[in-house]
Amino acid sequence: MDRDLEKLLSVVKDGQNQRIMFPPEELQIISFVLDYARAKHGNQRRRNGKPYIVHPIAVAKTLVEYKADYISICAGLLHDVVEEQVDAYQENNPTVSDEKLSSLEGKLFITLQEDILSNFAHTVVEPPLLPMGKGHMSCDIVKECVLQFSDLRNSYKERTIDDMGNALYVQLKKPREIRKGRAEIMQEMERLMERKERQLEREVPSKAKRRLREKYGFGQEENDALDRVVHYTYDLCVIVDIVKLLTREKGIFYFNSIENMLLEEDEEKKKHTLLVKMADILDNIRDMQKVGVHTNSMRLYRCFKNMFVLNCIKNYFVLAGMKHEEPPYKLLSETCRMTRSTLCNITNSLRCTEVLKQIKGKEEEAFNNRIKEYFYCMHGHKDVLEKTHNDPAKQYLDAVLFTPVIEKLAMDDRYVNSGLLSTFRKD
């Protein structure tokens, strides 16, 4: 077995290394996605000098340890593929506009889906996805199936856009005095899009199979093989959708990118996305423990972003009735604990205890005042951090104020910080 794949699947249980077992078909797809991620990250390096692929493998390994399914694991392996390509382009073209970067990102996602599906078509003509024998399908038929699925999916999306445009046109054509208000029109458009997307996800797989069965007159074994191909093709499309949710859009501030994840209406995609996001945060915060890689100012900003995201995810878990012993909740708690450890490292390195006298008895008010500055940074004004965070006393105060909040997020089953949520809800 591939060395990176072996490392990804191995976890320590009861003091011994054990390999987590996946069905052979899913293992084949994890291996395929790992190869693709390795090829795309190529010679890219992280800030600490390590090959970039080490990070997505670590994210995927965390997901394995917390009992995630293979869709989340594959999304973890791919989560930075597009973002890193856009970042590399921006680094080589520092004056490029956000609009051009956004356009590049859109094209890269189209390429990602086409690449994944095209490469997958060649990969699956091997056991175990398509066992050799009487029901074996040729590479050409598999590729045609994958392309058929992709074309149908794109055409259904175009139809959704057309239907929304027609519905909007009907509304705007009405006399102004009887026309619905902007909020009502937006709600109607959102409901229409949700309905059309559900229709797309339901109809595309069955239509793709029906077309191919009619063309080739498959027998039962070939029909079974076709079902597997369409099933896993659909899963790969879902994985690409999750990666898109995880990717920080250029021109969209970090605040908005998190909002997009939490407003995703497909609950399954949202759960996968939030799992990968927590595993990503956990690996990044572990990396920040290393001395000399990040300044205290950057560590604090990262810790605040972690606290904001984890608070929003905790709110989602509490509202969904998730139990504390469930693996996603355990991952949340571990990520909170690691963030707390970084904050403790900052306070231990600074020790400006005099500043605490100024806020004694007013800790909550001080916390709410300080997070306003961080939210301002998250809305695209990072220069504020550079100007104000050179003061060790202020850094110490922030670390002290953030620590009890992250502790409660980790330890108190029902605790959610209302100050962070009210700022998130901009209205």
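Summary table
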| item | result |
| --- | --- |
| Those helices (runs of 4 or more DSSP H) lying entirely in the stretch 350-427 with at least 1 residues modelled with pLDDT under 90, under 30 Å from Glu326 (Cβ atoms) and assigned by TED's automatic domain parsing to the domain that holds Tyr316 | 363-378, 418-424 |
| Hits in the stretch 19-37 - residues which are surrounded by 11 or more Cβ atoms within 10 Å (Cβ to Cβ) and hydrophobic (A, V, I, L, M, F, W, C) | Ile20, Phe22, Leu27, Ile29, Ile30, Phe32, Val33, Leu34, Ala37 |
| Qualifying residues in the stretch 1-18 (those that are out of contact with any Lys or Arg (no Cβ under 8 Å at 6 or more places or on another chain) and at pLDDT 85 or above) - the one surrounded by the most Cβ atoms within 10 Å (Cβ to Cβ) | Leu5 |
| Hey, Tyr329 under 21 Å from Tyr254 (Cα atoms) and either of a type in the set (Phe, Trp, Tyr) or surrounded by 13 or more Cβ atoms within 10 Å (Cβ to Cβ) (or both) or not | no |
| Selection within the stretch 144-178 - in contact with a Lys or Arg (Cβ under 9 Å, 6 or more places away or on another chain) and assigned to a loop (DSSP other than H, G, I, E, B) | Lys174 |
| Scope the stretch 308-348; condition acidic (Asp, Glu) and either in a helix (DSSP H, G or I) or in contact with an Asp or Glu (Cβ under 6 Å, 6 or more places away or on another chain) (or both); matching residues | Glu334 |
| Among residues of the stretch 275-326, those that are out of contact with any Phe, Trp or Tyr (no Cβ under 9 Å at 6 or more places or on another chain), of a type in the set (Ser, Thr, Tyr) and either modelled with pLDDT of 95 or more or closer than 21 Å to Ser349 by Cα (or both), counted | 2 |
| Residues being within 20 Å of Pro24 (Cα to Cα) and modelled with pLDDT of 85 or more - total across the stretch 111-137 | 1 |
| Long-range neighbours under 6 Å by Cβ, at least six apart or interchain, first residue within 15 Å of Asp2 (Cβ to Cβ) within the stretch 35-51, second at pLDDT 90 or above | Ala37/Pro56; Ala37/Leu77; Ala37/Leu78; Arg38/Ile53 |
| Any hit, the stretch 187-207, residues being in a helix (DSSP H, G or I) and farther than 30 Å from Thr111 by Cα | yes |
| Condition met for Ile252 (modelled with pLDDT under 90, of a type in the set (A, V, I, L, M) and outside any helix (DSSP H, G or I)) | yes |
| Any hit, the stretch 187-197, residues being within 14 Å of Gln148 (Cβ to Cβ) and within 25 Å of the chain's Cα centre (by Cα) | no |
| Meets criteria (within 20 Å of Glu194 (Cα to Cα) and either outside any helix (DSSP H, G or I) or assigned by TED's automatic domain parsing to the domain that holds Ser333 (or both)) for Glu264 | yes |
| Hey, Leu108 at pLDDT below 95, in a helix (DSSP H, G or I), touching a helix residue (DSSP H, G or I) at 6+ places or on another chain (Cβ under 9 Å) and not aromatic (Phe, Trp, Tyr) or not | yes |
| Count - residues of the stretch 8-20 that are touching a residue at least 12 places away in the same chain (Cβ under 8 Å) and either part of a helix (DSSP H, G or I) or within 23 Å of His79 (Cα to Cα) (or both) | 4 |
| Filter pass, Asp140 being in a helix (DSSP H, G or I), surrounded by fewer than 14 Cβ atoms within 10 Å (Cβ to Cβ) and at pLDDT below 75 | yes |
| Number of positions in the stretch 250-278 that are within 21 Å of Ile53 (Cα to Cα) and either out of contact with any Gly (no Cβ under 6 Å at 6 or more places or on another chain) or of a type in the set (Asp, Glu) (or both) | 6 |
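The values are calculated or read from the model by the stated rules, or taken from the named source; none is laboratory data. Everything quoted here is computed from the prediction, not taken from an experiment. Quick reminder, even Gly has a Cβ in these numbers, built from the backbone with ideal geometry, and neighbours come from all protein chains shown.
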